[in-house]
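Just below is one structure, and these are the notes that go with it.
The values are calculated or read from the model by the stated rules, or taken from the named source; none is laboratory data. Bear in mind the structure is a predicted one, so any value in this text is a computation, not a measurement. All Cβ positions, even for glycine, are placed from backbone atoms using ideal geometry, and neighbour counts span all protein chains on display.
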Ligand code: KG4
Ligand code: ZN
């Protein structure tokens, strides 16, 4: 194996319903990358934790072997291993962590326990060299909604988060209400293309103008009320026998409301921090209406970073990239380290404005 930039990092992701492995060479060359989405959950309309863990167990060895083969390397060539250690489904996480530990021990190389949401932050930098801090980050996935100021890698200042459902969870639940399959995000986006977003007006939660920047609602999100509003609308339409013809309009209205809130809060963060570089990560950042609306709101003066859909959704390459960053800082995991369903975000502190002081309430980072 000659001519390959070092370090060679094997990244593994098994926190939810994707089994993925990647071989990353140097800063951003992905030599091998395999992403296997589990389809066992479709009939249940959501991820079943035990089934997810079993499916990872069945496939993970083959996924790692295929990524190494694609890269043209063997496990013994790898310099460093990284694995998502949390947050996520504990049974699913353990599959990746146990394999990584055993492999690292077997080849005598270090491993890094990666935080899943930090990995999402690194995804755009795999494709764009300038997707580097400082930036305002909006992380929107199936389990998290985080709005942060990132002055440098490893320093994460939390401005807002969701009070209830995550953004992706809201897409998935609303899809279920509309009779669409899991995962709901892509289904809603597809259906919304044929809908009128103004036909069934829906609330924009926590956007009250009367709340100033010191109010706890100012940067936080809430999606469960919006989901309930959709549920009521769906029930009314069903009672009238008109859901089928209105489904696309309701999907479009929900998507518009969710996107409006995500963009508005991000622009508040831009105004607050004075930083007009925005990075979006996580599965919901694939949403084309969100991408377009954020670009429009930022205008030509700002910068917007996001990864291609393959790297925005759960994948092993972003985990390898985050592992590389942590390892460069001298951080490796001891042999007794393990998975944690509620792993704290490393380096996450509440945002405090340099002059004015931060929001009065100290947000407690939720897992
Ligand atoms: O980051 P991700 O792949 O996994 C987690 O870490 O959770 O995000 C998955 C979430 C799901 O809730 C899915 O419905 C949502 O991302 N999603 C989308 C789109 N594609 C995936 N949401 C809105 N629009 C999309 N196009
Ligand atoms: Zn994710």
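Quick notes on this one:
- Under the condition of being more than 16 Å from ligand 1 (Cβ to nearest atom) and more than 18 Å from residue 291 (Cα to Cα), the residues counted in region 115-129 number 1.
- Among residues of region 1-25 being at pLDDT 95 or above and over 19 Å from the mean Cα position of the chain (by Cα), the one that is surrounded by the fewest Cβ atoms within 10 Å (Cβ to Cβ) is 7.
- Residue match in region 151-170 (condition: assigned to a helix (DSSP H, G or I) and either more than 16 Å from ligand 2 (Cβ to nearest atom) or surrounded by fewer than 21 Cβ atoms within 10 Å (Cβ to Cβ) (or both)): no
- Checked across region 194-203, the condition of being under 15 Å from residue 140 (Cβ atoms) and within 16 Å of ligand 1 (Cβ to nearest atom) holds for no residue.
- When residue 206 is tested against (1) surrounded by 21 or more Cβ atoms within 10 Å (Cβ to Cβ); (2) touching a helix residue (DSSP H, G or I) at 6+ places or on another chain (Cβ under 6 Å); (3) modelled with pLDDT under 95, exactly one condition is not met: (2).
- Within region 279-306, the set of residues being within 15 Å of the chain's Cα centre (by Cα) and more than 12 Å from ligand 2 (Cβ to nearest atom) comprises 279, 280, 287, 290, 291, 305, 306.
- Any hit, region 98-114, residues being touching a residue at least 12 places away in the same chain (Cβ under 8 Å), in contact with a strand residue (DSSP E or B) (Cβ under 9 Å, 6 or more places away or on another chain) and within 16 Å of ligand 1 (Cβ to nearest atom): yes
- Qualifying residue in region 142-156 (condition: more than 14 Å from ligand 1 (Cβ to nearest atom) and farther than 22 Å from residue 318 by Cβ): no
- Among residues of region 31-52, those that are touching a strand residue (DSSP E or B) at 6+ places or on another chain (Cβ under 6 Å) and buried (at least 17 other Cβ atoms within 10 Å of the Cβ), counted: 6
- Residue match in region 200-209 (condition: away from ligand 2 (no atom under 16 Å from the Cβ), in a helix (DSSP H, G or I) and over 19 Å from the mean Cα position of the chain (by Cα)): no
- Lone qualifier among 68, 31, 36, 24 - being more than 21 Å from residue 335 (Cα to Cα) and not in a strand (DSSP E or B): 68
- Residue among 341, 317, 322 that is under 17 Å from the mean Cα position of the chain (by Cα), surrounded by fewer than 18 Cβ atoms within 10 Å (Cβ to Cβ), at pLDDT 95 or above and within 16 Å of ligand 2 (Cβ to nearest atom): 341
- Residue 178 being within 16 Å of ligand 2 (Cβ to nearest atom), touching a helix residue (DSSP H, G or I) at 6+ places or on another chain (Cβ under 9 Å) and touching a residue at least 60 places away in the same chain (Cβ under 8 Å): no
- Residues of region 126-143 satisfying the condition of being within 16 Å of ligand 2 (Cβ to nearest atom) and assigned to a loop (DSSP other than H, G, I, E, B): 141, 142, 143
- Only one of 113, 92, 85, 123 that is assigned to a strand (DSSP E or B), within 14 Å of ligand 2 (Cβ to nearest atom) and buried (at least 24 other Cβ atoms within 10 Å of the Cβ): 85
- Pairs, first at positive phi in region 146-157, second surrounded by 14 or more Cβ atoms within 10 Å (Cβ to Cβ), C-beta under 7 Å, six or more apart: 154/347
- Test: residue 218 is in contact (Cβ under 8 Å) with a residue 24 or more places away in the chain and closer than 22 Å to residue 41 by Cβ: no
- Residue in region 174-185 that is nearest to ligand 1 (Cβ to nearest atom), counting only those that are assigned to a helix (DSSP H, G or I) and within 17 Å of the chain's Cα centre (by Cα): 185
- Applying a threshold of 6 Å to beta carbon distances and a minimum spacing of six or more residues, or different chains, the list of pairs starting in region 183-203 at a residue that is closer than 15 Å to residue 227 by Cβ and ending at one that is away from ligand 1 (no atom under 14 Å from the Cβ) and in a helix (DSSP H, G or I) reads 200/233; 200/249; 200/250; 200/253; 202/229; 202/253; 203/229.
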